[in-house]
1. From (1) open to solvent by 30 Å² or more (accessible area, probe 1.4 Å); (2) without any contact (Cβ under 8 Å) to a residue 24 or more places away in the chain, pick out the condition that doesn't hold for residue 140.
2. Given the conditions (1) hydroxyl-bearing (Ser, Thr, Tyr); (2) open to solvent by 10 Å² or more (accessible area, probe 1.4 Å); (3) not assigned by TED's automatic domain parsing to the domain that holds residue 157, and given that residue 236 satisfies all but one, which numbered condition is not satisfied?
3. Taking region 200-236, which residues are in a loop (DSSP other than H, G, I, E, B), over 21 Å from residue 327 (Cα atoms) and within 7 Å of the ligand (Cβ to nearest atom)?
4. If the requirement is being among the small types (Gly, Ala, Ser), more than 30 Å from residue 86 (Cα to Cα) and in the same structural domain as residue 300 (by TED's automatic domain parsing), which of these qualifies: 377, 358?
5. Residue check: is residue 250 more than 9 Å from the ligand (Cβ to nearest atom), among the β-branched types (Val, Ile, Thr) and either open to solvent by less than 10 Å² (accessible area, probe 1.4 Å) or in the same structural domain as residue 369 (by TED's automatic domain parsing) (or both)?
6. Looking at region 72-85, I want the residues that are free of Cβ contacts under 8 Å to residues at least 12 places away in the same chain and have a partner that is open to solvent by less than 40 Å² (accessible area, probe 1.4 Å) with Cβ atoms under 6 Å, at least 6 apart or on another chain. Which pairs are those?
7. Specify which of the listed residues (88, 120, 95) is surrounded by fewer than 24 Cβ atoms within 10 Å (Cβ to Cβ) and farther than 27 Å from residue 68 by Cβ.
Amino acid sequence: MNYKTVYLKKGKEESLKRFHPWIFSGAIHHCETPVDDGETVRVLSADGTFLCIGHYQRGSIAIRVLSFRDEPVDGKFWTGKLRHALELRQTLGLLGREDNDTCRLVHGEGDGLPGLVVDLYGKTAVMQAHSVGFHRSRMEVAHALLEAAGGQIENIYYKSETTLPFQSELESENGFIVGGSKENIAMEYGLKFHVDWLKGQKTGFFVDQRENRRLLEQYAAGRSVLNMFCYTGGFSFYAMRGGARLVHSVDSSAKAIELAKSNVELNFPGDKRHEAFAEDAFKYLSRMGHNYDLIILDPPAFAKHRDALRNALIGYRKLNAKAFEKIQPGGVLFTFSCSQVVTREQFRTAVFTAATLSGRNVRILHQLTQPADHPISIYHPEGEYLKGLVLYVE
Ligand code: SAH
């Protein structure tokens, strides 16, 4: 274990004592010898006390903590961490089910592995590196994953083209690094869907809405449903199973509309209740009539950075105002924000303002969040990103 040493400035160890997993570049005093992006480093306080081991890279978050113990980060280390992550999913009852072979296996900081995301689709794991450190360690981590999973995983697809920083300097590639499979149909609570590992957003499917989709199913009977920002149509096929009268899926991406259609077809072949439209959300919401009584708004992150916050909140307000204006009396609105920089309170205020503008009586039925396989480390509150409200609109 011959890691280079990084010294922090005096007093900058405080957040690490609270187990926060990030060290910002401004906290670093100096590195013993020059450190490359993605290298594993040992971090010491100004007075030389050991603090943690982490992945170093240039940028605002300079070190992502892997361990608060002075231990080697090797194959055994990864296997231990990944076993831990798998055990949690086992505890949650998500593994080894007949009706479900999809879940998030590793959720970055939430699993003590900042910079790594792994989603499971059947026998294939899709692995995503958000840090140079994990990009460099990808083969070692992949082998540890196979070992930890003990036969449950046969293929590993590496998909980091869009998530890595300094992409151009790295040989970031998308492709199988273990095995290879043409089987790209996975199952979530008895419903099937295609996963587009190659071109899809995130790891190919939005695993994080699983429990919220299941809740939606319970509200769908007899309703006219609008699934706005449908992407692969997840909410749509749950609504159909729940007995919706009709389901309209809308997304500005023609590719997403094709995916939504094919996923609905996979579960409900020839079912005429479903139609899908490639159109901008605001245009569609403005021109549509008052014919929906169950609306889902699950837009992309309106604010990816703090400086975009103000505009994002205006966006959420406008979007929700349209829904309040158009939804039928007795309608149910599922509205979400997945912007990490928008707090639960800010999102709620934006929706509250939109409701006020409509003058309608609106009540909160459920307050939603990300599911338990996207855990939030109590020491890393930034890990909370998905917020949702289910509203009853009179
Ligand atoms: N609800 C989905 C995930 C939505 S992701 C699920 O459960 O899987 C956000 C989607 O919004 C993307 O598919 C993107 O193509 C779409 N989108 C982005 N901007 C849009 C706009 N202005 N109008 C309509 N759709 C948009």
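The values are calculated or read from the model by the stated rules, or taken from the named source; none is laboratory data. Remember, it's a predicted structure, so these values are computed and weren't measured experimentally. Using ideal geometry, Cβ is built from the backbone for each residue, glycine included, and neighbour counts are taken over all protein chains shown. Only protein heavy atoms, including side chains, enter the accessible area calculation; ligands, DNA and RNA are left aside. Shrake-Rupley method; radii C 1.70, N 1.55, O 1.52, S 1.80 Å.
1. (2)
2. Unmet for residue 236, out of (1) hydroxyl-bearing (Ser, Thr, Tyr); (2) open to solvent by 10 Å² or more (accessible area, probe 1.4 Å); (3) not assigned by TED's automatic domain parsing to the domain that holds residue 157: (2).
3. If the condition is that a residue be in a loop (DSSP other than H, G, I, E, B), over 21 Å from residue 327 (Cα atoms) and within 7 Å of the ligand (Cβ to nearest atom), then 201, 205, 206, 231, 232 are the ones that fit.
4. Result of the check over 377, 358: 358.
5. Working: more than 9 Å from the ligand (Cβ to nearest atom): no; among the β-branched types (Val, Ile, Thr): yes; either open to solvent by less than 10 Å² (accessible area, probe 1.4 Å) or in the same structural domain as residue 369 (by TED's automatic domain parsing) (or both): yes.
No, not satisfied.
6. Once the first residue is free of Cβ contacts under 8 Å to residues at least 12 places away in the same chain and sits in region 72-85, no partner that is open to solvent by less than 40 Å² (accessible area, probe 1.4 Å) comes close enough.
7. Working: 88 fails: farther than 27 Å from residue 68 by Cβ; 120 fails: surrounded by fewer than 24 Cβ atoms within 10 Å (Cβ to Cβ).
Checking each option against the conditions leaves just 95.
Per-residue answers, yes or no, for (1) under 16 Å from residue 94 (Cβ atoms); (2) open to solvent by less than 70 Å² (accessible area, probe 1.4 Å):
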{"residue": "161", "(1), (2)": "no, no"}
{"residue": "177", "(1), (2)": "no, yes"}
{"residue": "185", "(1), (2)": "no, yes"}
{"residue": "208", "(1), (2)": "yes, yes"}
